[in-house]
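Comments concern the structure below.
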Amino acid sequence: MNGLPDYLDRNLKIIFVGYNPGERSALLGHHFAGRGNQFWRLLHDAGLTKRLYQPEEDDQLLADGYGLTNLVVRPSKSSSDLSAEEMRAGAAELRQRVEQYQPMVVCFLGKEVYRKYAGLTPRVVVEYGLVKTATVFPAMKEFVAPNPSGRSTIPYREKLAVFCQLRKLLEMPTL
């Protein structure tokens with residue numbers, strides 16, 4: 001099973017970073033295509049997109065100023081199937097992509113995705129929302145949002161509140 005293409009460009013408003021493609025997303029060839037995945041609905045309900053996109057329209061997010069990538073390219077049933085080495089290598093490659101494309105905001109879809117990217121130990125507390133001091137590239141904003149997977153135990157309304165914070169961050173004149 002192949003990974004998914006990155007949808008990246010320079011000067012994007014946000015690059016959304018997932019852990020890795022799920023098996024269904026990889027099979028269908030589109031980001032966040034798993035049954036129950038709430039990514040597309042969260043974007044729309046938070047006001048980040050004017051309409052509700054479908055997974056097969058993932059390449060069209062670039063026109064809205066949003067990019068898509070993953071920490072690890074290899075699809076799996078669960079992120080727990082990924083090795084520590086895959087995550088270390090994926091984090092290094094992700095930092096290169098972020099430096100190359102320089103978005104205004106890098107949005108990590110899950111606390112663990114951010115921990116791996118930033119090289120933080122599991123003991124370091126990571127909160128949802130804007131990271132107060134960017135750990136990798138200080139000129140870019142780092143934002144942590146809940147994983148939109150349908151398997152996540154976080155209630156939808158709590159996920160939506162964080163995605164609304166992300167929209168408000170984009171609306172700030174100092175961004």
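The values are calculated or read from the model by the stated rules, or taken from the named source; none is laboratory data. Please read these numbers as outputs of a predicted model, since none were measured by experiment. Cβ: placed from backbone, ideal geometry, glycine included. Neighbour counts: every protein chain shown.
Observations, loosely collected:
- For segment 31-40, a residue qualifies if it is over 23 Å from GLU86 (Cα atoms), touching a residue at least 40 places away in the same chain (Cβ under 8 Å) and either among the small types (Gly, Ala, Ser) or assigned to a helix (DSSP H, G or I) (or both), and the qualifying residues are GLY36, PHE39.
- Residue, surrounded by the most Cβ atoms within 10 Å (Cβ to Cβ), within segment 99-123, restricted to residues that are among the hydrophobic types (A, V, I, L, M, F, W, C) and farther than 23 Å from LEU43 by Cα: ALA118
- With respect to being in a loop (DSSP other than H, G, I, E, B), within 15 Å of the chain's Cα centre (by Cα) and under 21 Å from MET140 (Cβ atoms), LEU48 fits the description.
- If the condition is being part of a loop (DSSP other than H, G, I, E, B) and either aromatic (Phe, Trp, Tyr) or modelled with pLDDT of 90 or more (or both), then segment 6-30 contributes ASP6, LEU8, ASP9, ARG10, ASN11, LEU12, LYS13, TYR19, HIS30.
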